[in-house]
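Worksheet: the structure to be examined is printed underneath.
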Amino acid sequence: MNEREEMFYSQRRRWPLFWVIPLFVGFTWVPFLAQGAEKDSDPVKTHLEFLGYQCDVVDQGLRARHATKVHIVINSMRGGILFQTGFPGKGDHKEDLPRLTIIQDLNKKAWIARFYWTSDGNLFVEAWMPGLYEKTRFATFHEAWEHDIQILRDTYPTLKAYLAE
């Protein structure tokens, strides 16, 4: 065998080794990286975490908690995004006029939220944004939600008689 043939055959023996290393890295690192990407693939969660919420998945959906804001449960519903929050009532759920008037006034002032009493006497707030997440639309939706929640805070002295402490 001459020198040239010898070099060809020695390189040919190394050729499989050249492919073993990238395949090893591909099989070990790519699934790991994909797992990390899967964790952060929810843009709603990422957006809310950027705003200071602590998010975790619960049976009801994505729960977003904040130190100074109302906690929210977020779900996908009917081709859109649903925000929900609730406050325990005192349990006397008789439908008296002052209680209904408060809800009616809240709903008149709200931009996107709907306020209602449950049959158990609890207060619930919901808002629905049609369509999938898009950064600017979601930011506008969240601002409107915060506006409506501020209306609720301003009404708290009147609501206090109907809510559990």
Quick one: 3J(HN,Hα) in Hz for region 148-155, Karplus 6.51/-1.76/1.60 with θ = phi - 60°, rounded, Gly and Pro as x.
5, 5, 5, 4, 4, 4, 5, 8
Share of Cα-Cα pairs in region 91-146 beyond 19 Å, whole percent, is 40
Amide proton proximity set for Gly89, modelled H, under 5 Å, gap of 5+:
Asn122, Leu123, Ala164
Contour minus Cα-Cα distance for Lys108 and Asp120 (0.36 nm per residue):
2.0 nm
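Using the Cα atoms as the points, what is the convex hull volume per residue of region 43-162 in Å³?
Looking at region 43-162, the number lands at 112 Å³ per residue.
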Applying the Karplus parametrisation 6.51 cos²θ - 1.76 cosθ + 1.60 with θ = phi - 60° to the phi angles of region 134-147, what ³J(HN,Hα) value in whole Hz is obtained for each residue in order, glycine and proline being reported as x?
9, 3, 5, 5, 5, 4, 5, 4, 5, 4, 5, 4, 5, 4
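Of the listed pairs Lys69/Lys135; Lys45/Lys109; Lys69/Lys109; Lys69/Lys160, which have alpha-carbon separations greater than 26 Å here?
Check vs 26 Å cut-off fails for Lys45/Lys109.
Only the coordinates and a few stated rules stand behind these numbers; no lab work does. Predicted model, so just to flag it, every value in this text is computed and none were measured.
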